[in-house]
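J.: I'd like to ask you about the structure that follows.
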Amino acid sequence: MTTPAHPIPARERVIVALDVPDCATLATLLDRLDGLPVFYKVGLELFVAEGERAVEMVRARGGRVFLDLKLHDIPETVGRAVASAARVEAELLTVHTSGGYEMLCRAAEAAAGRVKILGVTVLTSLAEDDLRAEGIEQTIPEMVRARARIAARAGIAGLVCSSHEIEAARGAAPGLLIVVPGIRPASGAGAGRGDQKRVATAGQAIGNGADYLVVGRPVRDAADPAAAFAGLVKEVEAAI
Ligand code: C5P
């Protein structure tokens, strides 16, 4: 899987994270988004609570699904979990690259072309201080580079990293899709970082070469989620 030859339309490049507790809240958020987004992310909170039902609800409204389960376990377990997840009709599925080469190979094998595997490099909620606390001396870009290289060798489709490491990831794994979370407006409503440490604006991330952006709280918690989404698409269009 390589970066698409045709440019991805701006509206498709902003993936909305559906970080809500249940299908009732999901229905309300989808209504408020008014059919504008193309791609949605179903993550741990919603999938643990509602499972496939949540994915079906998004698909029933014409949405494309990114299933963000961030799998991280021994190769056998991850391979089997990917095989189960591939039965859910999602296009993208995450695993942690820190699980190592064999785990990534098993994930790619089990996906068997039914779902694209994305490898999370270093969570956007971590800063270099957090790595030092674990005794890791590498910088974050060095770590992303090393993990991206292993991911590319294992044959997965793409990588998740912050806007700050896109260059490192692309250099180590040319052709892989790059998906960037930790998106925040420069100021105003939605600019609060929350737990995210390596953030960037949508325009900066696209300018740095991201294929897709993942945006959660700045859309979910906006007074008008559809307007917040439309604003992000405008910013992406301007940066392409
Ligand atoms: O609310 P916010 O925009 O920070 O949400 C980001 C979303 O992207 C969350 O659903 C989170 O699980 C996800 N994510 C992330 N960092 C990664 C991978 C995924 O924040 N490295």
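J.: Write down, largest first, the equivalent ellipsoid semi-axes of the chain in whole Å, where each equals the square root of 5 times an eigenvalue of the alpha-carbon gyration tensor.
T.: Values: eigenvalues 131, 97, 56 Å².
Three semi-axes, in Å: 26, 22, 17.
J.: Here's a follow-up. Can you give me the P(r) profile for segment 65-200? Cα pairs, bins 5 angstrom wide beginning at 0, each as a whole percent.
T.: The percentages, shortest bin first, are 2, 12, 20, 21, 19, 14, 8, 3, 1, 0.
J.: For a quick check of your reading of the filter: which GluC sites (Glu not before Pro) in segment 1-104 sit in a DSSP loop and have no more than 16 other Cβ atoms within 10 Å?
T.: Working: sites: Glu12, Glu45, Glu50, Glu52, Glu56, Glu76, Glu89, Glu91, Glu102; in loops: Glu89, Glu91.
Listed in order of number, the matching sites are Glu89, Glu91.
J.: Quick one: length gained pulling Glu137 to Ala112 fully straight, 0.36 nm per residue minus the C-alpha distance?
T.: Details: separation 25, 0.36 × 25 = 9.00 nm, distance 3.59 nm.
Extending this stretch completely gives an extra 5.4 nm.
J.: Follow-up question, since we're still on this one. Which net charge results when you count Lys and Arg as +1 and Asp and Glu as -1 among the other residues whose beta-carbon is under 15 Å from that of Gly51?
T.: Numbers: positive: Arg53, Arg59, Arg87; negative: Asp22, Glu45, Glu50, Glu52, Glu56, Asp68, Glu89.
Once all neighbours under 15 Å are counted, the net charge is -4.
J.: Taking square-rooted eigenvalues a ≥ b ≥ c of the alpha carbon gyration tensor, is segment 190-240 rounded, prolate or oblate, where a/c under 1.5 means rounded and, failing that, a/b exceeding b/c means prolate?
T.: Values: a/c = 2.38, a/b = 1.19, b/c = 2.00.
Since a/c reaches 1.5 but b/c is at least a/b, the shape of segment 190-240 is classed as oblate.
J.: Name the most mobile residue of Ala60, Ala205, Ala230, meaning the one with the largest mean-square fluctuation, in a Gaussian network model of the chain with Cα contacts below 10 Å.
T.: Ala60
J.: Using alpha carbon centroids, what distance separates segment 111-140 and segment 177-235, in Å?
T.: Centre-to-centre (Cα) distance: 20 Å.
J.: Quickly estimate the mean residue ellipticity at 222 nm for the chain, helices only: each DSSP H run with n ≥ 4 gives -39500 (n - 2.57), and the total goes over all residues, rounded to 500.
T.: Calculated from helices alone, the mean residue ellipticity at 222 nm is -12500 deg cm²/dmol.
Every number here is computed from the coordinates shown, using simple stated rules; none is lab data. The structure presented is a predicted model; accordingly, all values stated were derived computationally and were not measured. Quick reminder, even Gly has a Cβ in these numbers, built from the backbone with ideal geometry, and neighbours come from all protein chains shown.
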